Amino acid sequence: MSTHAPTSPTDRESILEAVNPLGLDGIEFIEYTTSKPQALGQVLEMMGFRPIARHRSREVLLYRQGGLNVIVNAHIPTLPDGAMPTDKPVIAAIALRVRDAAAAYRRALERGAWAVPPRVEVMELNIPAIHGVGKSRLYFVDRYDKFSIYDVDFVPIPTVDQNPPAVAGLHFFGVVQYIGNDRTEDWAEFYRELFGFTDLPDEQRFGILPKGRILSSPCPPASRFYIQLIEPEATVLNVEDDEGLQRIGLGSADVLATVAELAKRGVEFVESRGVHTEDRGALTKTWLGSVSFELVHNQRSVTPAAV
């Protein structure tokens, strides 16, 4: 029997706050912007996504498979400072699930985050956001259980299954972020300080592209995801202006089976001396000059407690 004084509920809650200060619970959606939404939509459908809903007032489509939500945004902003979509798709935002969006947003600002001014039109939901890498945004979403953010802003496409199954149990594993020279520690501190991410040991690696620094989110195991920070090769100088979110990592309990299933749908994978498909992971070819997906062996789809 312990001789220590019992831990009070307040103490336990303060420990939880320190570990997961914003109450992160995984990724709700990832958003691409592009001026060629049909072309990107074809890529997503090849990867197993299905368009399930349209935005009420903007040229925006919601694609889904299993627990994966991807938004394709081709809306031309009305404000002069809004970024115009380009032919080459860009990962423009990540929506993070949190216990309380307003509280998470305030906490992030208190810790030094930069607010993104809301641009909400009539009958649209105001989703708080902060600035991420480059011109990207990080949203905070707390409506993902019984009700969702899509109930307000999107209209379901008639006759379409609103919950299409994921190909071979695919799920969000993480996001690869390209950063400038000698910027690894700056960005690692950004994710540690604002969100409670932790650095993985150098010997703990995933997939077939293990470069850079890998940070683990403080989410529960069933919704945990990773950020991979990659600096340019040593021979490349001054690329800070090219910082941005590069590609999505998808977890799979059986990479080779998933590759075989996606290959039937027309997906091609990189096979070279340095990068090739194996049971640890695989990399798709690049479409539209910027879109690729990385498959990483991860057991979450089979055993929720696994990482």
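With both labels modelled 7 Å from their Cα along Cα-to-Cβ, the D279 to A260 distance reads 1.4 nm. Ordering F269, S290, A257 by the projection of their Cα atoms onto the charge dipole of segment 254-296, which places +1 on the Cβ of Lys and Arg and -1 on the Cβ of Asp and Glu, puts S290 at the extreme positive end. Dividing the alpha-carbon radius of gyration of segment 16-156 by the rule-of-thumb value 2.2 N^0.38 Å gives 1.05.
Model label points for N163 and D100, set 7 angstrom from Cα along the Cα-to-Cβ axis, are 2.9 nm apart. Where the alpha-carbon atoms of segment 167-301 are placed on the principal axes, they occupy 41, 36, 26 Å, in descending order. The length gained on full extension between S272 and H131, counted as 0.36 nm times the residue separation minus their Cα-Cα distance, comes to 47.1 nm.
Here is the list for segment 138-189: chymotrypsin sites (Phe, Trp or Tyr not before Pro) lying in DSSP coil, each with at most 11 other C-beta atoms within 10 angstrom of its C-beta, are F147.
Think of each Lys and Arg Cβ as +1 and each Asp and Glu Cβ as -1; about the Cα centre, that makes the dipole of segment 16-156 roughly 140 debye. Scanning residues 5 or more positions from E28 or on other chains, those with amide H under 5 Å from its amide H are A95, L96, R97, with H placed 1.01 Å from N in the peptide plane.
The label-point distance for E110 and S35, in a model that sets each label 7 Å from Cα toward Cβ, rounds to 4.4 nm.
The string of couplings for segment 270-281 from the Karplus curve (6.51, -1.76, 1.60, θ = phi - 60°) is 6, 10, 9, 5, x, 10, 8, 5, 8, 5, 7, x Hz, one whole number per residue in order, with x for Gly and Pro.
Where a number appears in this text, it was derived from the coordinates with a stated rule and is not lab data. Because the structure is a prediction, the values reported are computed rather than measured. Note that each Cβ is placed from the backbone with ideal geometry, even for glycine, and that neighbours are counted across all protein chains shown.
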